[in-house]
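Dumping the structure here so I can ask a few things about it.
The values are calculated or read from the model by the stated rules, or taken from the named source; none is laboratory data. Everything quoted here is computed from the prediction, not taken from an experiment. For neighbour counting, all protein chains shown are included, and Cβ atoms are generated from backbone atoms with ideal geometry for every residue, glycine included.
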Amino acid sequence: MALRIDGKMISAQIKDELKEKVAKLKEEGKTVTLAVIQVGNDPASTVYVGNKKKACAYIGIRSLAYELPEETKEEELLELIASLNKREDVHGILVQLPLPGHIREDQVIRAIDPKKDVDGFHPQSVGALSIGEKGFVSCTPAGIIQLLKRSGIAIEGKECVVVGRSNIVGKPMAMLLLRENGTVTVCHSRTRNLKEVCRRADILVAAIGKPKFFDHEYIKEGAVVIDVGIHRNENNKLCGDVDYDDVYPHVSAITPVPGGVGPMTIAMLMYNCVQAAEM
């Protein structure tokens with residue numbers, strides 16, 4: 001029987017550990033604070049922001065919510081970020097993406113003080129990761145490392161294949177697996193013989209945004225499969241990039257969708273926020 005990696009359970013463990021840390025910091029007179037900015041009312045973003053607020057409430061992190069109208073100008077958003085950068089009582093700043101089309105995401109990400117960049121998207125955070133220095137790591141890849149470690153899955157010496165090269169998942173994922181001494185291949189839309197490359201993987205991370213793309217033909221017998229995708233199928237049920245039912249009999253461990261990688265992203269955001277306060 002393959003191990004079904006339970007992201008809900010592991011994220012709950014992390015949140016409970018953080019709850020203790022936050023209580024200790026409170027005793028020392030420090031209230032961990034996260035500022036969350038949402039521009040417009042994209043329905044998916046609203047759900048994510050709501051989940052982040054719930055996680056903050058559970059752990060004991062104070063959350064400041066800034067819900068700005070769709071037509072907010074870029075300079076107004078940058079002014080708000082600048083004022084939050086200066087506030088000593090704010091430890092983490094998170095701008096919910098995507099932003100409306102008239103606002104340049106890269107300008108907004110760069111405006112956040114790297115010491116408060118709990119999303120791990122600032123070029124300074126990315127640079128620190130690539131040269132092995134301390135800094136905030138993008139939450140989804142950091143969560144995947146925790147899923148593997150806390151499930152007793154060794155990364156060192158393993159053949160790891162990451163499918164997808166986004167700045168938010170694919171690239172930082174590859175660097176974190178390297179940091180754990182995995183041997184890493186990154187595949188993307190121009191990769192030739194994708195099936196052959198994937199079939200070499202002891203650990204396969206699927207992050208391409210195509211529902212049920214990976215069937216058992218992409219999987220080496222006994223591999224560990226991490227599914228980052230989240231979609232709604234024709235019956236409006238959630239599914240991932242991996243065809244779970246088809247792949248399950250061939251793997252040693254796999255993350256389900258929902259309940260796998262998803263809950264870890266918010267847990268690691270909370271982890272980064274507590275780390276920011278401790279620093």
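Are any of the residues in region 258-273 over 27 Å from Ile59 (Cα atoms), surrounded by 17 or more Cβ atoms within 10 Å (Cβ to Cβ) and not aliphatic (A, V, I, L, M)?
No: zero hits.
Going by the conditions given, is Gln107 assigned to a helix (DSSP H, G or I), farther than 27 Å from Ala2 by Cβ and touching a Pro at 6+ places or on another chain (Cβ under 6 Å)?
Spelling it out, it is not the case that Gln107 is assigned to a helix (DSSP H, G or I), farther than 27 Å from Ala2 by Cβ and touching a Pro at 6+ places or on another chain (Cβ under 6 Å).
Could you tell me whether any residue of region 61-72 is closer than 25 Å to Lys149 by Cβ and touching a helix residue (DSSP H, G or I) at 6+ places or on another chain (Cβ under 8 Å)?
Checking region 61-72: at least one residue is closer than 25 Å to Lys149 by Cβ and touching a helix residue (DSSP H, G or I) at 6+ places or on another chain (Cβ under 8 Å).
Please specify each residue of region 245-260 satisfying the condition of being of a type in the set (A, V, I, L, M) and under 9 Å from Ile5 (Cα atoms).
Hits for region 245-260 are Ala253, Ile254.
Please enumerate the residues belonging to region 56-92 that are surrounded by 14 or more Cβ atoms within 10 Å (Cβ to Cβ), of a type in the set (A, V, I, L, M, F, W, C) and under 19 Å from Lys116 (Cα atoms).
Cys56, Ile59, Ile61, Leu64, Ala65, Leu77, Leu78, Leu80, Ile81, Leu84, Val90
Confirm whether Glu28 is touching a strand residue (DSSP E or B) at 6+ places or on another chain (Cβ under 7 Å), surrounded by fewer than 15 Cβ atoms within 10 Å (Cβ to Cβ), acidic (Asp, Glu) and closer than 25 Å to Val274 by Cβ.
Against the criterion (touching a strand residue (DSSP E or B) at 6+ places or on another chain (Cβ under 7 Å), surrounded by fewer than 15 Cβ atoms within 10 Å (Cβ to Cβ), acidic (Asp, Glu) and closer than 25 Å to Val274 by Cβ), Glu28 does not qualify.
When only residues in region 110-127 that are in a loop (DSSP other than H, G, I, E, B) and not charged (D, E, K, R) count, which is nearest to Val47 (Cα to Cα)?
For region 110-127, the residue satisfying everything is Val118.
Further, regarding this structure: Taking the criterion of being more than 24 Å from Ala12 (Cβ to Cβ), at pLDDT below 95 and in a helix (DSSP H, G or I), would at least one residue in region 35-44 satisfy it?
Taking every residue of region 35-44 in turn, at least one turns out to be more than 24 Å from Ala12 (Cβ to Cβ), at pLDDT below 95 and in a helix (DSSP H, G or I).
Residues that are hydrophobic (A, V, I, L, M, F, W, C), in the same structural domain as Gly60 (by TED's automatic domain parsing) and touching a residue at least 24 places away in the same chain (Cβ under 8 Å): which helices (runs of 4 or more DSSP H) entirely in region 192-279 hold 3 or more of them?
Result: empty, no element qualifies.
I'd like the residue in region 131-165 that is within 12 Å of the chain's Cα centre (by Cα) and of a type in the set (S, T, N, Q) and, out of all such residues, is surrounded by the most Cβ atoms within 10 Å (Cβ to Cβ).
Top of the filtered list is Ser138.
Let me ask you something else. If you take the residues in region 129-154 that are without any contact (Cβ under 8 Å) to a residue 12 or more places away in the chain and of a type outside the set (D, E, K, R), which one is nearest to Arg110 (Cα to Cα)?
Out of the qualifying residues, it is Ile131.
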